[in-house]
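The values are calculated or read from the model by the stated rules, or taken from the named source; none is laboratory data. Since the structure is predicted, the reported quantities are computational estimates derived from the model, not experimental observations. Here the Cβ is made from the backbone with ideal geometry for all residues, glycine too, and neighbour counts use every protein chain on show.
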Amino acid sequence: MAKDFRYYFQHPWSRIVIAYLVTFFNFLIFAEDPVSHSQTEANVIVVGNCFSFIMTKYPGGAWNFLKVLLWLIAIIVGLIAGKFLFHQRLFGHLLRLKVFREDHGSWMTMFFSTILFLFIFSHIYNIFLLIAGNMSPYIITEYMGIRNESFMKVAAVGTWMGDFVTAWMVTDMMLQDNQYPDWGKSARAFWRRGNIRIILFWTVLFSLTSVVVLVITTDWISWDKLNRGFLPSDEVSRAFLASFILVFDLLIVMQNQSLKVLNMAGR
């Protein structure tokens with residue numbers, strides 16, 4: 001392969017460094033964001049409605065049955081509509097988007113479709129509450145019924161699962177790839193030996209995830225005590241940091257697609 005821009009763009013070191021930087025930057029913005037320490041009630045547009053619809057604000061009695069029934073119907077309708085209406089009919093047949101060909105992107109479409117229908121059915125549930133009267137404390141809004149601190153901890157755990165699994169899968173792909181035969185010869189030979197790859201992948205994933213969840217939920221490590229003003233941030237720097245995370249996420253997708261094209265051309 002000629003050592004042009006594409007050579008360095010999809011080089012294993014480039015892909016691995018970018019993938020792990022996303023994980024690091026996400027934890028940095030979690031540690032520096034004042035919302036992570038806020039004791040006020042969390043409110044997130046749409047997502048807050050879905051969360052409180054399923055998890056909080058249960059009036060009791062027959063209202064609980066109605067609420068559970070409605071969000072179960074919303075999930076089922078969302079999954080079916082996401083698969084057959086949005087993915088197959090809209091994106092596949094009508095718009096003919098190649099990224100959604102066959103079953104590609106179906107899980108993502110079904111996930112967002114489920115959120116949409118949970119949001120819609122939460123308002124249908126609100127209509128029943130308004131008709132009944134005197135049920136204003138149980139009206140579903142973007143307020144989630146939990147503190148911002150708790151919400152950010154849940155978000156940090158979810159971010160870790162998404163980012164580290166992505167980075168760890170990129171590492172696994174690079175150690176199995178043959179496009180750069182001179183890169184990491186000993187590491188690739190060790191990774192491919194027997195079942196070492198499978199054992200190490202799941203052992204590292206579960207062990208590190210357990211440690212991270214423990215640290216986040218128990219506040220065992222205090223970033224403010226470790227930082228001591230060495231790396232201060234404000235709204236502008238955190239906005240740029242969030243932009244870097246978005247750009248790096250897009251770079252991971254671009255690197256993956258570029259490598260797929262290269263592999264198909266090599267075949």
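Which condition from (1) surrounded by fewer than 20 Cβ atoms within 10 Å (Cβ to Cβ); (2) in a helix (DSSP H, G or I) is the one that residue 52 breaks?
Looking at each condition in turn, residue 52 falls short on (1).
Residues 222, 210: which one is in the same structural domain as residue 172 (by TED's automatic domain parsing) and either surrounded by 13 or more Cβ atoms within 10 Å (Cβ to Cβ) or modelled with pLDDT of 90 or more (or both)?
210
Quick one: would you say residue 204 is modelled with pLDDT of 85 or more, out of contact with any strand residue (DSSP E or B) (no Cβ under 6 Å at 6 or more places or on another chain) and surrounded by fewer than 10 Cβ atoms within 10 Å (Cβ to Cβ)?
No: the conditions fail for residue 204.
(1) touching a Phe, Trp or Tyr at 6+ places or on another chain (Cβ under 8 Å); (2) of a type outside the set (Asp, Glu); (3) surrounded by 13 or more Cβ atoms within 10 Å (Cβ to Cβ): which one isn't true of residue 13, the others all being true?
Of the numbered conditions (1) touching a Phe, Trp or Tyr at 6+ places or on another chain (Cβ under 8 Å); (2) of a type outside the set (Asp, Glu); (3) surrounded by 13 or more Cβ atoms within 10 Å (Cβ to Cβ), the odd one out for residue 13 is (3).
Does the stretch 141-148 contain any residue that is closer than 30 Å to residue 214 by Cβ and small (Gly, Ala, Ser)?
yes
Could you please find all residues in the stretch 91-106 being in contact with a Phe, Trp or Tyr (Cβ under 9 Å, 6 or more places away or on another chain) and part of a helix (DSSP H, G or I)?
Residues satisfying the conditions are 91, 92, 99, 100, 106.
When residue 265 is evaluated against the numbered criteria (1) at pLDDT 80 or above; (2) in a helix (DSSP H, G or I), which criterion, by number, is the only one it fails?
(1)
Just the residues that are under 16 Å from residue 234 (Cα atoms) and among the hydrophobic types (A, V, I, L, M, F, W, C), please, taken from the stretch 15-26. Step through it out loud before you land on a result.
Start the filter on the stretch 15-26 by keeping residues that are under 16 Å from residue 234 (Cα atoms), which leaves 25-26.
Passing the criteria: only 25.
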